[in-house]
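S.K.: One structure is given below, represented as structure tokens, and several questions about it will come after.
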Amino acid sequence: MEMNFRWYGADDPVTLDNIRQIPGMIGIVSAIYDVPAGEVWPYERIMELKKEVESKGLRLDVIESVPVHEEIKMGLPGRDKWIANYKETLRNLGKAGVKVVCYNFMPVFDWTRSELNAPLPDGSNSLLYDHEKVKNIDPLSGDLVLPGWDLSYEKERLAIIMDYYRKLSEEQLMENLIYFLKEVIPVAEEAGILMAIHPDDPPWPIFGLPRVVTNNENVRYILETVNSRHNGITFCTGSYGADPANDLFEIIDTAKGRIHFVHARNIKWIGEKSFQETSHLARDGSLDMPGILKKLKNAGFDGPVRPDHGRMIWGEEGRPGYGLFDRALGAAYIHGILDAFNRQESGK
Ligand code: DNO
């Protein structure tokens, strides 16, 4: 597996110089952040990013994310224009040598938590999702705004979009995803790009909006219906793992050969549909990290992996989930596990 680290560009308090000093780091996962969702990413901008990353001895194999315009997710007649733009972006990314594109199909709201700095017993803090609290949050009130949300819409427009989604069934949302995939996957094939859909986080409907990238059955459906190696998944342990009903090993079996990117992080279930993020260590959370990594390795996965959300430790302040220190510890832990497996295999 190839160790990568997410970097948010020039605005990120974590620098490329910081990242290159984490042992074993080979690549950066990033995006062009100032192009509005739906617009084409210019080739020159992609190359600028790539050169910057490469000037620090790192690679740019993975983009996370190329956002999918809401009209595509909603299945509106205007979607074809946005899909044409998406294809153009994929062509530009392919030309620039990018190998994997991570994206998601969550209506409006990307990853959602009720608290961004919930205390942990050791004095650090981390992201927490409490379903009862989220049920009482009105995202239109502006009381909770999360870093992954695109709230560039006017409030009235957002209300209309949410209303539309509330009437959309999961089957319809899935159909819209399949429509999108049937269009873009042939282009991804030509461009040499592996598409890797990220699961919904958390993997159940929130704010009354449907979600479909949630479980084994739906992963199977998505992969079988558009049956190309270029139509694959991001296996995010913490997103699928947030639902104890999801058997992570089963999902790995289903997606074998079609897992193109791994987000490795741990969470601890703290109640019905509620969880807090922990250090990456298996003993701190509910997920069997070494077991999962072993299963991925045995399924033949040797692609890009990145540590995911970390706690805030040692007084660090910064982007929730995306500080330097705990993610660096996470990377070292993952490396340790993988090195041990490799040693065992080689019999040394
Ligand atoms: C959260 C991330 C997500 C992810 C997108 C992929 O920390 O894992 O925001 O990047 O859902 O499109």
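The values are calculated or read from the model by the stated rules, or taken from the named source; none is laboratory data. What you see is a predicted model, and the numbers here were worked out from it, not measured in a lab. Heads up, the Cβs are rebuilt from the backbone with ideal geometry, glycines too, and the neighbour counts pull from every protein chain shown.
S.K.: Based on this model, can you work out whether THR278 counts as touching an Asp or Glu at 6+ places or on another chain (Cβ under 7 Å) and of a type in the set (Ser, Thr, Tyr)?
M.R.: Values: touching an Asp or Glu at 6+ places or on another chain (Cβ under 7 Å): yes; of a type in the set (Ser, Thr, Tyr): yes.
In short, yes.
S.K.: List pairs: first in the range 131-149 and without any contact (Cβ under 8 Å) to a residue 60 or more places away in the chain and more than 16 Å from the ligand (Cβ to nearest atom), second outside any loop (DSSP other than H, G, I, E, B) and aliphatic (A, V, I, L, M), Cβ under 7 Å, 6+ apart or cross-chain?
M.R.: Matching pairs, first to second residue: LEU140/LEU158; LEU140/ALA159.
S.K.: Could you check the range 178-216 and list, in sequence order, the residues that are of a type in the set (Phe, Trp, Tyr) and within 13 Å of TYR103 (Cβ to Cβ)?
M.R.: Once the filter is applied, which keeps residues that are of a type in the set (Phe, Trp, Tyr) and within 13 Å of TYR103 (Cβ to Cβ), the range 178-216 yields only PHE180.
S.K.: Moving on to the next point. With respect to VAL14, is the statement that it is touching a Ser or Thr at 6+ places or on another chain (Cβ under 6 Å), surrounded by 18 or more Cβ atoms within 10 Å (Cβ to Cβ) and not small (Gly, Ala, Ser) true?
M.R.: no
S.K.: Could you list, ordered by first residue, the pairs with Cβ atoms under 6 Å in which the first is in the range 90-114 and farther than 29 Å from ALA242 by Cβ and more than 10 Å from the ligand (Cβ to nearest atom) and the second is modelled with pLDDT of 95 or more and of a type in the set (Gly, Ala, Ser), at least 6 apart or interchain?
M.R.: LEU90/ALA188; LEU90/ALA191; ARG91/ALA191; GLY94/ALA191; GLY94/GLY192
S.K.: Give just the number: which of (1) in a strand (DSSP E or B); (2) farther than 30 Å from PHE341 by Cα does GLU71 not satisfy?
M.R.: Unmet condition: (1).
S.K.: Quick check on the range 150-194: of everything there that is under 25 Å from PRO320 (Cα atoms) and among the acidic types (Asp, Glu), which residue is farthest from the ligand (Cβ to nearest atom)?
M.R.: Here the answer is GLU154.
For every residue, the table says whether it meets (1) part of a loop (DSSP other than H, G, I, E, B); (2) surrounded by 22 or more Cβ atoms within 10 Å (Cβ to Cβ).
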{"site": "ARG283", "(1), (2)": "no, no"}
{"site": "PRO290", "(1), (2)": "no, no"}
{"site": "LYS295", "(1), (2)": "no, no"}
{"site": "GLY300", "(1), (2)": "yes, no"}
{"site": "HIS309", "(1), (2)": "yes, yes"}
{"site": "GLU316", "(1), (2)": "yes, no"}
{"site": "ARG319", "(1), (2)": "yes, no"}
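S.K.: Another question about this same structure. Restricting attention to the range 321-333, and to residues there that are away from the ligand (no atom under 16 Å from the Cβ) and in contact (Cβ under 8 Å) with a residue 40 or more places away in the chain, which single residue is surrounded by the fewest Cβ atoms within 10 Å (Cβ to Cβ)? Step through it out loud before you land on a result.
M.R.: Pass one, the range 321-333, residues away from the ligand (no atom under 16 Å from the Cβ): 325, 328-329, 332-333.
Next, only the ones that are in contact (Cβ under 8 Å) with a residue 40 or more places away in the chain stay: 328-329, 332-333.
Working: ALA328: 20, LEU329: 18, ALA332: 16, TYR333: 20.
Among them, the one singled out is ALA332.
S.K.: Of the residues VAL53, VAL62, which single one is surrounded by 18 or more Cβ atoms within 10 Å (Cβ to Cβ) and either part of a loop (DSSP other than H, G, I, E, B) or within 16 Å of the ligand (Cβ to nearest atom) (or both)? Give the steps one after another, and end with the answer.
M.R.: On the way: VAL53 fails: either part of a loop (DSSP other than H, G, I, E, B) or within 16 Å of the ligand (Cβ to nearest atom) (or both).
VAL62 is the lone residue from the list that is surrounded by 18 or more Cβ atoms within 10 Å (Cβ to Cβ) and either part of a loop (DSSP other than H, G, I, E, B) or within 16 Å of the ligand (Cβ to nearest atom) (or both).
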